[in-house]
Structure formats: structure tokens, C-alpha cells
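The values are calculated or read from the model by the stated rules, or taken from the named source; none is laboratory data. These numbers come from a predicted model, not from an experiment. Please note: Cβ atoms are built from the backbone with ideal geometry, for glycine as well, and neighbour counts cover all protein chains shown. Only protein heavy atoms, including side chains, enter the accessible area calculation; ligands, DNA and RNA are left aside. Shrake-Rupley method; radii C 1.70, N 1.55, O 1.52, S 1.80 Å.
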Amino acid sequence: MSAVFARRHWIPPAALMYAQLGHGFSWLLILWAAWTGNLTGGLYGFAWIHTIALGWVTMAALGVLQHALPAFVDVEPRAQTPARWSIVFYGIGVAALLYGFLGQPRALAGAGALILAALIVYVACAFITLAQAMRRKRPSAGSGQAVQRAVARAFSGTFVFLLATAIIGFGLAWMLSGRAAPAWVATLPPAHGNLGVLGWLSLLIFGVSMRTLRPITGGATRFRWMHIVVGSCALFGVPLLAAGLSTGNATLWWIGGALFALGALGYAFDTFDILRRATNPHRPPQAFVAVSVLWFLCAMVLGGYVLAGKPWGDAYFFVLLIGWAGQMVNAHLYHIGIRLLSTIYRGEDDETPPQELLENRLTWYSFLAFQLAIAAILIALLRSDNALAARGAIFGLTGWIAMAANVLAARARAKAYKPPTIIRL
């Protein structure tokens, strides 16, 4: 752990490794749930959904934000030690939560409490960092500091969604553990899920990708105003959707859902425009971004059917999590993750392109295997076909193995690098 804390200026590698183990474990859980006929409903379904949402995607996000957050708003990082320890306890809480879902429901209350406490500490540390940008004197519109203040406000709102999701999640974990809870807590799962995936993860992707798509593609947005529209639609739409779902008010959930879907369309338009103009020759991360957005649009269609009364909630959340958020994480792993490896072993100033360390065939195989897996499991969830879901999970697992082998090969190549010897005359 000391090795993790020693690199305060960069992304904690242990968080990314934990996230990738969570990714692989999610496919095993889906395979097991399908094999045993417990793919939908019950604690097995909760287990694989939370493995994806908490163990993989959110853990990766918390690790990356340790470096990205202060860089995005151009401030010195603050409270780094408690923030990194909070990630450690968050990971312990997630493991305990999965243990509860997989056979020991009495453990859920304690696990939910630990996750909530860890996230409170993490978010408090993030607010301390963001406050530096917020406290600056009001700059002129359009200046760099004005943009940084806007980014700080946007991230603050995103973290509020994370906390709201965690608080509701603790209440649900308390109820599922068998302890007494108010009856209205049982109405909160749809609100909890949408606050987490749309309010926390999607808003986070909207904000982070505005910066990270530049190195991934070599280009940037031509429609900066679009991000204001997208963020505003999500900021107002998600609470309305969650309130409507928890109270049974169809008017609220349709207005909220429509607002968020409008923001999703704006984000998709801008992202595809950036990809169309990409100049970076490393194409796999760009392909992952493209399919991520396509799965996002697919999830919006599924969400509309769910609001209309179709029993497709599991398919909707699956596509949102592993199709939209998961494939975006994969895109960033094949760029940011490999850059991290390169700087660990070759020095902070290393500029080695990721494609020089990766095995191209493994990269493309993992891309294809993941998309086949998502498509197969989506169809299986819509048809209640456990056999097809099991086949899809096998594709996903082989894709993960290929990705893991690729990253290990990249690590070996980075370690084998020997800087040129400088002969002084």
C-alpha cells in the first residue's frame, strides 16, 4: 500500500487493479447466475449489478479522479492521504457487500455503512480540492479560470449524486439485511439505480470525457456549448426521473426521462463528431468510445420501454453499466491505463504511445468479445434465456482474459525498457 501512496501525483495503480478484478468477477457472476437459473431478480442479480457498478466502474473512477480532478480545475491536490485511504475502505465495503448478496444477507447493513462512510470521506476530500477553484475571484466570462470554476461546480453536482445514491443504497442494504425499515424504502430501488448510473456515472463520463477524448482522438469538441446543454438536461432530468419513480408519478418520470434522453442525444452527436475527425492512429480506444455511445443510445430506448411498463429493468441497467459505462472504462484503460504503466516503469516524462506496448490482436479480440457478450446477454435478459446468457458471459470472460494478458504484456514491455546510455566526453 505504501507504493500506492508514494505516487500521489498520479493514479493509484491498486484502484485500477481492483477495478479490473471486479470486471472479470462480474462475468463469472453472470455465468454462475445464468447456470443456476438466477440471472434476474433476487440477490444474485443484485450481486452482478453491484460488482459492475461499484467494484469495477466506480472503483476505476475514484482512482482516476485522484489525479484528474485537481488537473481539470488547475489546483493543488488536497487531503490526498484520507482520500486514498477512503478508497481502501470502499474496496473492503464492496467486497463485504458482494459477500452479503451471495449468501450472507445479514452482512449487507455493515457493508452498506462502510461504503457510505468511505464515500463521505472521499467526497469531502474532493470538495476540499474543488473549493480552491470555487474560491477564486469571479473571473471574466470565457477565461480559463471561468471554465475551471464551471468544471468545479459540475463535479460538485456529480458528487452530490454519488452521495445521494450511497445514502439510498445504505437504506436498501439495511432493509435487505432483514432489519426493520420504513415501508417506503422498498419503493427506492429504481430511484437508487437511476441516480447512480445516470446521475453519478453518466454525468461523470460527460465531464471527464470532455478532457480525455482529446488525447484519445487527437481532437476536441467544436460545440462547447453542447456540454452545458447536456449537463443541464442531466442535472434537472435525473432528480425528476428518480422522484417520479419513487412516488409513482408518471408525469415526473416521463419529463425527467425525456430531459436526460435529450442530453444523451446531444452527447452522442458531439462525441461522434469528435471521433469522425480523429487523428490519433491508435484506433481501438476510439472504437470502444464509439460502441460505448451506441450502447448508451440503446439503453435510452430500453429505458423508454421500462417507463412504458415493459419488464426490462435488468436489461436496461445491464446495458447502461457494462455497455455504456464499462466500454468507456475500457477505452480509457487502453489509453490512460497503459500510459500509467509506461510512466511507472519508464519515468514520469515518458511519452511512449500505448500502441507500442500493446498487442494489437489481443486488443481487437477483447473489443469484439465484449460486444458479442453484451449483445448476447442483452437478448438473453429480454427473452429470459439463461443458456444464451451463459454463452455471452463466456465471451465476456475470454475478452477480459485477453485484455488482462494484453495489459500484462504491456507491463513486461515497459519494464524491459532501458534508457539510452549517455556518454559524457
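Along the Cα→Cβ direction, 7 angstrom out, place labels at Ile167 and Arg276. What is the inter-label distance in nm?
Rounded to a tenth, the inter-label distance reads 4.3 nm.
For the residue pair Thr251 and Gln104, what label-to-label distance in nm results when each label sits 7 Å from Cα along the Cα-to-beta-carbon direction?
With each label placed 7 Å out from Cα toward Cβ, I get 4.9 nm.
What ³J(HN,Hα) values, in whole Hz, does the Karplus curve 6.51 cos²θ - 1.76 cosθ + 1.60 give for region 81-91 when θ = phi - 60°, with x put for Gly and Pro?
5, x, 5, 6, 5, 5, 5, 4, 5, 4, x
Per residue, what accessible area does the chain have, given a 1.4 Å probe and all protein chains present, in Å²? Display every interim value, and only then the final one.
Numbers: 18390 Å² over 425 residues.
Here the residues of the chain average 43 Å² of exposed surface.
Just the number: Rg to Rh for region 16-171, Cα atoms, Kirkwood Rh, two decimals. Display every interim value, and only then the final one.
On the way: Rg = 17.9 Å, Rh = 16.7 Å.
On the Cα set of region 16-171, Rg over Rh gives 1.07.
From the Cα gyration tensor of region 272-320, with a ≥ b ≥ c the square roots of its eigenvalues, which class applies: rounded if a/c is under 1.5, or else prolate if a/b is larger than b/c, or else oblate? Provide the component values of the computation, followed by the final result.
Numbers: a/c = 7.55, a/b = 2.96, b/c = 2.55.
Prolate, since a/c reaches 1.5 and a/b exceeds b/c.
Over the alpha-carbon set of region 184-302, divide Rg by the Kirkwood Rh and report the Rg/Rh ratio to two decimals. Don't skip to the answer; put the middle values down first.
On the way: Rg = 15.5 Å, Rh = 14.9 Å.
Here the Rg-to-Rh quotient is 1.04.
Ignoring any ligand, DNA or RNA, what whole percent of the accessible area of the chain comes from carbon and sulfur when the probe is 1.4 angstrom? Provide the component values of the computation, followed by the final result.
On the way: 12560 of 18390 Å².
Solvent-exposed carbon and sulfur of the chain make up 68 percent of the total.
What FRET efficiency do you get for Ile120 and Gln145 if R0 is 25 Å and r is their Cβ-Cβ distance, rounded to the nearest 0.05? Kindly include the intermediate steps, with their values, before the conclusion.
Numbers: r = 29 Å, r/R0 = 1.16.
Calculated transfer efficiency: 0.30.
Rank-order 380-390, 320-330 by packing density, defined as the average count of other C-beta atoms within 10 Å over each peptide's residues, highest first. Display every interim value, and only then the final one.
Working: 380-390: 17.8, 320-330: 27.2.
Descending mean neighbour count gives 320-330, 380-390.
Just to check I understand the Karplus step: with θ = phi - 60° and J = 6.51 cos²θ - 1.76 cosθ + 1.60, what whole-Hz values come out for region 253-263, glycine and proline as x?
5, 6, 5, x, x, 5, 4, 5, 4, 4, x
Using alpha carbons only, what's the Rg to Rh ratio of region 38-126 with Rh from Kirkwood? Each step should come with its number before you reach the end.
Values: Rg = 14.7 Å, Rh = 13.8 Å.
The Rg/Rh ratio comes out at 1.07.
Taking a ≥ b ≥ c as the square roots of the eigenvalues of the Cα gyration tensor of region 306-414, is the shape rounded (a/c under 1.5), prolate (a/b larger than b/c) or oblate?
Values: a/c = 4.26, a/b = 2.27, b/c = 1.88.
The shape class here is prolate.
Ignoring everything except DSSP H segments at least 4 long, calculate the 222 nm mean residue ellipticity for the chain; use -39,500 (n - 2.57) per segment, divide by total residues, nearest 500. Each step should come with its number before you reach the end.
Values: 17 runs with 306 residues, N = 425.
Calculated mean residue ellipticity at 222 nm is -24500 deg cm²/dmol.
How many angstrom lie between the C-alpha centres of region 238-273 and region 158-189?
Comparing the Cα centres of region 238-273 and region 158-189, I get a distance of 22 Å.
Return the inverse of the average 1/r over all pairs of distinct C-alpha atoms in region 61-106, which is the Kirkwood hydrodynamic radius, in Å to one decimal. If you can, show how the numbers build up before the last one.
Details: mean 1/r = 0.0813 Å⁻¹.
Every distinct Cα pair counted, the radius reaches 12.3 Å.
What is the local net charge at Ala414, summed over the other residues whose Cβ is closer than 11 Å to its Cβ (Lys, Arg +1; Asp, Glu -1)? Please list the in-between numbers first.
Details: positive: Arg339, Arg346, Arg411, Arg413, Lys415; negative: Asp350, Glu356.
Net local charge, Ala414 excluded: +3.
Please work out the Kirkwood hydrodynamic radius for the chain, using every pair of different C-alpha atoms, and report it in angstroms with one decimal place.
Numbers: mean 1/r = 0.0455 Å⁻¹.
Evaluated over the chain, this radius sits at 22.0 Å.
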